[in-house]
1. Tally the residues that are of a type outside the set (A, V, I, L, M, F, W, C) and within 17 Å of VAL58 (Cα to Cα), restricting the search to the stretch 1-23.
2. Take ILE46 and decide whether it is in a strand (DSSP E or B) and either over 30 Å from MET26 (Cα atoms) or β-branched (Val, Ile, Thr) (or both).
3. Output yes when any residue across the stretch 59-76 is over 25 Å from the mean Cα position of the chain (by Cα) and among the hydroxyl-bearing types (Ser, Thr, Tyr), and no when none is.
4. Enumerate the pairs (first residue in the stretch 2-18 and assigned by TED's automatic domain parsing to the domain that holds ILE54; second residue anywhere and surrounded by 10 or more Cβ atoms within 10 Å (Cβ to Cβ) and modelled with pLDDT under 90) with beta-carbon separation below 6 Å, excluding pairs fewer than 6 apart on the same chain, so at least 6 apart or on different chains.
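The values are calculated or read from the model by the stated rules, or taken from the named source; none is laboratory data. Owing to the predicted nature of the structure, the values given are computational and were not obtained by experimental measurement. Note that each Cβ is placed from the backbone with ideal geometry, even for glycine, and that neighbours are counted across all protein chains shown.
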Amino acid sequence: MKLIKLAFWAIIAICLVIVGMANRGMVTLRAMPEALAELVGMSPDIELPLFMVILIGVGVGLLVGFIWEWLREYKFRSQASRKQREVVRLEREVGRLKSEKNEGKDDVLALLDDSGARA
């Protein structure tokens, strides 16, 4: 399994290198259309190799997807947290009830009674 995982990442790395080598040309990224930039009086442009634009686009897409999924799963995480708190509360209550049940008994008999209830 480790070999398959390593081979997968090696193929991904080779593909990224090939895409990078094939798209080395410089491109200009503009934050605004030229007409709007002339109207405002500033034009925030940046020149990058095309493969960087592609990789940044993929990275931003992944980041947006991860954030979207994290927000979507919020209700499941909060429900699991509530259930976990309820389990802890119920375990404490069971322990308290066992100690109350065995309160006047001999210690050895109380231990035997607790182990018999578990089996």
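1. Our first condition is that a residue be of a type outside the set (A, V, I, L, M, F, W, C); within the stretch 1-23, this holds for 2, 5, 20, 23.
From the residues that got through so far, the ones that are within 17 Å of VAL58 (Cα to Cα) too are 20, 23.
Counting residues in the stretch 1-23 that are of a type outside the set (A, V, I, L, M, F, W, C) and within 17 Å of VAL58 (Cα to Cα) gives 2.
2. yes
3. Checked the stretch 59-76: no residue is over 25 Å from the mean Cα position of the chain (by Cα) and among the hydroxyl-bearing types (Ser, Thr, Tyr).
4. none
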